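This report concerns only the one structure given below.
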Amino acid sequence: MGKLPQGALEIRLTATLFLLLLGLADLFGAWQVGNFASFRPRGVAAAVAPQERHEMAMACCSTSTAAETPVEPASLNQPTHRIERELLVQDTHVHVPVYAMTAAFLAVIVLGLRMASAVRVLLILLAFAAPFADFAGLWGAHLYPGAGILFGGLAVAGGFAMGLCYAIVLVMALVQLWLTRKEIAHA
Amino acid sequence: MRRTLLAVAAVLCAASALGHVTPNVELLRRGDFVKQSLPGAAHFFERQVMLSGPDGAAILSATGWTPTEEEVKVYVGRDEKGGLVGSVVFLWMPSEHGPVGIGVAFDRQGMILRAAVTDVGTEPLAWVRPLLSSGGMDVFTGLPVDASPDPFRMAPSVRGAMSRYYAKVIVEGVKRARALERLVMRAGNP
C-alpha cells in the first residue's frame with residue numbers, strides 16, 4: 001500500500017487519466033442533475049415523488065361530463081419528464097453498479113496513495129457509503145413523500161459525499177504522483 | 001499550483017453527479033403534433049372529462065386500464081364556426097424500461113389520422129427507433145373504427161425481441177387512446 005507515487009509512469013498515467021475522465025463525467029452528470037432533478041432536497045423530493053392518481057372515472061355518476069378550455073398548441077411544446085417507479089427501479093439497477101465500480105476504482109487508488117490508515121479507511125467508507133445514501137434518499141423520497149425533503153437531503157448529501165471523496169483522491173493523486181514525487185523518493 | 005489544484009477539485013466536488021433519473025427523449029413536440037395532425041382547425045381546446053361509472057367500467061373491460069388525469073390529455077381542434085375537426089389523445093404507457101409517450105390523432109368520425117411516439121427513455125429508444133424508421137406507425141393511419149391494431153403488422157421487418165415487445169406496448173397505447181377517444185368525444189353530448 002502507498003506505493004503508487006513510486007509506480008511506473010504508465011501506472012501513474014492510468015490512475016491520473018482515470019481520475020480526470022471521471023471528473024469530466026461528473027461535470028456532465030451535474031449538468032444532467034441540473035436539467036432533470038435538483039441539487040436542493042426539496043427539488044429532489046419533487047422530482048422523484050410518486051405520481052398522483054386522479055381517476056377519470058367516477059363510480060357515483062351515471063353520465064360522463066366534459067368541459068373544454070382554450071389552449072395554444074405552442075404552449076404544449078414544453079417537454080414533459082415523467083418519472084415512474086419502474087424508471088427508478090431501472091435507473092437504480094443501472095447506476096448503482098456504476099457507482100460501485102467508481103467507488104472500487106477510487107478505493108484502489110486510495111490504497112496506492114500515501115496516507116494514514118485511518119484516513120484510507122475513512123475515504124473508502126465514504127466512497128461506498130455515498131451511493132448508498134444517494135439512492136436510499138431517492139427511494140425514500142419516492143416511497144415516503146411526507147418525509148421527501150429529509151430523504152432528498154440524504155440524496156444530495158450522498159451525491160456531494162461522492163464528489164468530496166473524488167476531490168480528495170484527485171488532489172492527493174495529482175500532488176503525490178506528479179508534484180511531490182521526487183521529495184517522496186528522496187525521503 | 002496547489003491552489004489551482006484545490007480550486008479545480010472544489011469545482012469538481014460541487015459538480016458531483018448525484019443519482020438522477022434518466023430523462024425521456026422527446027421525439028415529437030405535443031403542440032407540433034396537434035397542429036400538424038389537425039390542419040383544418042382554427043382553435044384548439046383541452047377537453048377535460050369525467051367519465052361515468054359505466055363508461056369507466058367499459059374502458060376497463062376493453063383495455064384492462066383505468067385512465068387517470070395525470071397520464072392522459074385530450075385536445076380537440078375546431079374550425080372557425082366551432083365545428084369539430086378532430087381530436088388528439090396523448091397518454092403514457094408503462095414499459096419495462098420506463099414510460100413511453102404516445103399521441104394519436106382522430107378525425108371527427110373517430111378514424112385514426114396519425115399516431116406517433118412522442119417521448120421514450122434513452123435506453124428503449126434503441127429498440128423503438130427501428131420501429132419508427134421502418135414506418136411502423138403508418139399501420140395505424142386510416143385504421144377503421146372497428147378494426148383492432150395488430151402488433152405483428154407494425155414494422156414486421158424489425159425482428160429484435162425488445163423491438164417486438166415495444167411494438168406491443170405502442171399498439172396497446174393506440175388501443176387505449178382509441179377506446180378513450182370514443183368515450184371522451186361522446187361525453188357531455190346528449
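The values are calculated or read from the model by the stated rules, or taken from the named source; none is laboratory data. All figures in this text were calculated on a predicted structure; none of them were measured in a lab. Here Cβ is always computed from backbone atoms with ideal geometry, including for glycine, and neighbour counts include all displayed protein chains.
A few notes on this one:
- Failed criterion for B:ALA41 (all others in (1) within 13 Å of B:ARG182 (Cα to Cα); (2) touching a residue at least 12 places away in the same chain (Cβ under 8 Å) hold): (1)
- Remark: pairs (first residue in segment B:52-64, facing another protein chain (nearest Cβ under 7 Å); second residue in a helix (DSSP H, G or I); Cβ separation under 7 Å; 6+ apart in sequence or on different chains) = B:ASP55/B:LEU183.
- Filtered residues of segment B:36-77 (kept if assigned to a helix (DSSP H, G or I) and surrounded by 23 or more Cβ atoms within 10 Å (Cβ to Cβ)): B:SER37, B:ASP55
- Here A:MET172 meets each of (1) among the hydrophobic types (A, V, I, L, M, F, W, C); (2) surrounded by 19 or more Cβ atoms within 10 Å (Cβ to Cβ); (3) in contact with a helix residue (DSSP H, G or I) (Cβ under 7 Å, 6 or more places away or on another chain) with one exception, condition (3).
- Across segment B:92-111, the qualifying residues are those that are away from every other protein chain (no Cβ under 11 Å) and assigned to a strand (DSSP E or B), and the one among them that is farthest from B:MET137 (Cα to Cα) is B:ASP107.
- Summed over segment B:126-137, the residues that are buried (at least 17 other Cβ atoms within 10 Å of the Cβ) and either within 14 Å of B:VAL25 (Cβ to Cβ) or among the aromatic types (Phe, Trp, Tyr) (or both) give a count of 4.
For every residue, the table says whether it meets (1) closer than 20 Å to B:LYS73 by Cα; (2) among the hydrophobic types (A, V, I, L, M, F, W, C).
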| residue | (1), (2) |
| --- | --- |
| A:VAL48 | no, yes |
| A:GLU52 | yes, no |
| A:SER64 | yes, no |
| A:GLN78 | yes, no |
| A:THR92 | no, no |
| A:VAL98 | no, yes |
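- Number of the exception - A:THR92 against (1) surrounded by 15 or more Cβ atoms within 10 Å (Cβ to Cβ); (2) at the interface with chain B (Cβ under 7 Å from one of its Cβ atoms); (3) not aliphatic (A, V, I, L, M); (4) not in a loop (DSSP other than H, G, I, E, B): (2)
- Of the residues examined, B:VAL72 is not one that is at pLDDT 95 or above, at the interface with chain A (Cβ under 10 Å from one of its Cβ atoms) and within 17 Å of the chain's Cα centre (by Cα).
- Lone qualifier among A:ALA47, A:ALA59 - being over 17 Å from the mean Cα position of the chain (by Cα), at pLDDT below 90 and among the small types (Gly, Ala, Ser): A:ALA59
- Of all residues making up segment A:21-50, the number that are part of a helix (DSSP H, G or I) and touching a residue at least 24 places away in the same chain (Cβ under 8 Å): 13
- Failed item, numbered, when A:LEU123 is tested on (1) more than 14 Å from every other protein chain (Cβ to nearest Cβ); (2) part of a helix (DSSP H, G or I): (1)
- For segment B:138-185, the set of residues classified as part of a helix (DSSP H, G or I), touching a residue at least 24 places away in the same chain (Cβ under 8 Å) and not hydrophobic (A, V, I, L, M, F, W, C) consists of B:SER163, B:TYR165, B:TYR166, B:GLU172, B:GLY173, B:LYS175, B:ARG176, B:ARG178, B:GLU181, B:ARG182, listed by residue number.
- Among the residues of segment A:39-59, those identified as surrounded by fewer than 20 Cβ atoms within 10 Å (Cβ to Cβ) and more than 7 Å from chain B (Cβ to nearest Cβ) are A:PHE39, A:ARG40, A:ARG42, A:GLY43, A:ALA46, A:ALA49, A:PRO50.
- Qualifying positions in segment B:93-122 - small (Gly, Ala, Ser) and farther than 15 Å from B:ARG182 by Cβ: B:SER95, B:GLY98, B:GLY101, B:GLY103, B:ALA115, B:ALA116, B:GLY121
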